[in-house]
Amino acid sequence: MNKKDLKRFLDEKAMQYERPDFIPSDPIQIPHRFEKKEDIEIAGFLTATIAWGNRKSIITNATKLMTLMEDNPHEFILNYTPDQKEIFSGFVHRTFNEIDLETFVRALQNMYLNHGGLENVFVSGITQEGLQPAIAYFKALFFEVQHQQRTQKHVSDPLRNSAAKRINMFLRWMVRDSKAGVDFGIWKKISPSLLSCPLDVHTGNVGRKLRLLSRKQNDAKALLELDTSLRKLDPDDPVKYDFALFGLGAFEGF
């Protein structure tokens, strides 16, 4: 398939899957329950954090998270005090447990009270190399609060060769335009051109079959290769192709 035909094919698939009827089957449904910017980004970040494994389980446990926060995540984060930590007792999603969750709540509180909020932190971390270094910058600030070493594994670091799939997915949700009704477009200070594709088993396998990617591991080097290919197809909005690659893999068995 030549570049022109490949672009036409992927553009069509992206349009097919970037539709509101994609939402009920995807974890993005959780932040879609909210209207306030800070509620959306906190719900989105926590949902993305546990977005691995069975999709039904992800949605179920993300819903539990919102219930624990009284379906008012921003107010909950701002007013949280450590003597409330029993609220989280028994919460677990895969290896993310109540200790990790309590740490994340305190870290998010620090983000909003002392660093201007999530959007501001990511914007501050952007370099000439793009948005991936901003994830490492975010992680460093996030774990300013007292925490157990084990909890750090729940925030990926591209500088340690991670593809940072879940954070890149979260950034897609926040940054890309909302016209199609799926992503939110509430972060106006970051260009969609800087986004990286959330690289997982589906996007990776389909990317290799379409010769967008040759590296076998789904790591930061593979992500750079995939991003480079997708930016040639659409330099302004390369991550729209996440819908195409994921849809082809997850729903069509491509």
Might you check whether a residue that is in contact (Cβ under 8 Å) with a residue 24 or more places away in the chain, touching a helix residue (DSSP H, G or I) at 6+ places or on another chain (Cβ under 9 Å) and of a type in the set (Asp, Glu) occurs anywhere in segment 67-76? yes
Give me a count of the residues in segment 243-254 that are open to solvent by 10 Å² or more (accessible area, probe 1.4 Å) and either more than 25 Å from residue 21 (Cα to Cα) or out of contact with any His (no Cβ under 6 Å at 6 or more places or on another chain) (or both). 4
Restricting to segment 15-29, give me the number of residues that are free of Cβ contacts under 8 Å to residues at least 40 places away in the same chain and in contact with a His (Cβ under 8 Å, 6 or more places away or on another chain). 0
Tell me, yes or no, whether segment 201-211 has at least one residue that is under 25 Å from residue 4 (Cα atoms), open to solvent by 10 Å² or more (accessible area, probe 1.4 Å) and in a loop (DSSP other than H, G, I, E, B). yes
Complete set of residues in segment 9-27 that are of a type in the set (D, E, K, R) and either modelled with pLDDT under 95 or surrounded by fewer than 13 Cβ atoms within 10 Å (Cβ to Cβ) (or both): 12, 19, 21, 26
Identify, from the list 139, 188, 179, 165, the residue that is basic (Lys, Arg), open to solvent by 10 Å² or more (accessible area, probe 1.4 Å) and touching a residue at least 40 places away in the same chain (Cβ under 8 Å). 165
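The values are calculated or read from the model by the stated rules, or taken from the named source; none is laboratory data. These numbers were taken from a predicted model, which means no experiment stands behind them. Cβ: placed from backbone, ideal geometry, glycine included. Neighbour counts: every protein chain shown. Keep in mind that these areas ignore ligands, DNA and RNA; they rest on the heavy atoms of the full protein, side chains included. Shrake-Rupley method; radii C 1.70, N 1.55, O 1.52, S 1.80 Å.
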